[in-house]
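S.K.: Structure provided below as structure tokens; questions to follow.
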Amino acid sequence: MTSRSGSERTLAALHHHADQIDMSGVRERKRKMVRGMNDMYLENYKNTGAEFILGTGKFIAPSMVEVALADGTTRHLRGTNVIVSTGTRATVEQIPGLAEAAGIGKPCQASGASPYRVA
């Protein structure tokens, strides 16, 4: 008898039947992995000694950024070098007919259902 690794056990647990996948389990596993990676990246960043500022920013002058913070305050930051990390968000472009196309642009994450078509 062979022993399964933790990853193999996790993947096996996500399958209810041979032809069906528990998408809510897949989604939660992905979220846990992303949280772990984000925590690691943030810790590595903090170890550099740089200040981490989380907010929505815009350039208001050469080398000056205005950042709206989550607590409602605003900061003005000036620097020779400014690093902008935009992150990512899934979006569906406003392409005529895309929303009406079968299976395209319909979010499956909210429902936990398996996607039936990937474009």
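S.K.: Give the number of residues within region 10-47 that are at pLDDT below 90 and either of a type in the set (Asp, Glu) or more than 18 Å from Gly87 (Cβ to Cβ) (or both).
M.R.: Residues in region 10-47 being at pLDDT below 90 and either of a type in the set (Asp, Glu) or more than 18 Å from Gly87 (Cβ to Cβ) (or both): 18 in total.
S.K.: So Ser85 passes all but one of these: (1) among the small types (Gly, Ala, Ser); (2) under 17 Å from the mean Cα position of the chain (by Cα); (3) at pLDDT below 75. Which condition number does it fail?
M.R.: Among (1) among the small types (Gly, Ala, Ser); (2) under 17 Å from the mean Cα position of the chain (by Cα); (3) at pLDDT below 75, the lone unmet condition for Ser85 is (3).
S.K.: Turning to a different aspect of this structure: Within region 42-86, how many residues turn out to be part of a helix (DSSP H, G or I) and surrounded by 10 or more Cβ atoms within 10 Å (Cβ to Cβ)? Let's see the steps before the verdict.
M.R.: To start, the set of residues in region 42-86 that are part of a helix (DSSP H, G or I) comprises 42-46.
With surrounded by 10 or more Cβ atoms within 10 Å (Cβ to Cβ) added as a condition, the list becomes 42, 45-46.
Going through region 42-86 one residue at a time, the tally reaches 3.
S.K.: Within region 20-41, how many residues are in a helix (DSSP H, G or I), of a type in the set (S, T, N, Q) and touching a residue at least 12 places away in the same chain (Cβ under 8 Å)? So that I can check it myself, show each step before the final result.
M.R.: Just the residues of region 20-41 that are in a helix (DSSP H, G or I), to begin with: 23-41.
Add one more test, that the residue is of a type in the set (S, T, N, Q), and what stays is 24, 38.
Next cut, touching a residue at least 12 places away in the same chain (Cβ under 8 Å) only: 24.
Total satisfying the criteria: 1.
S.K.: Turning to a different aspect of this structure: When the residues of region 87-104 are narrowed to those that are surrounded by fewer than 10 Cβ atoms within 10 Å (Cβ to Cβ) and among the small types (Gly, Ala, Ser), which ends up nearest to Ala50 (Cα to Cα)?
M.R.: Within region 87-104, the subset surrounded by fewer than 10 Cβ atoms within 10 Å (Cβ to Cβ) is 87-91, 93-94, 96-97, 100, 102.
Retained after the next criterion (residues that are among the small types (Gly, Ala, Ser)): 87, 90, 97, 102.
Working: Gly87: 18, Ala90: 29, Gly97: 46, Ala102: 47 Å.
It comes out as Gly87.
The values are calculated or read from the model by the stated rules, or taken from the named source; none is laboratory data. Every value quoted in this text rests on a predicted model; they were computed, and no experiment measured them. Neighbour counts are summed over all protein chains in view; Cβ atoms, including those assigned to glycine, are modelled from backbone coordinates with ideal geometry.
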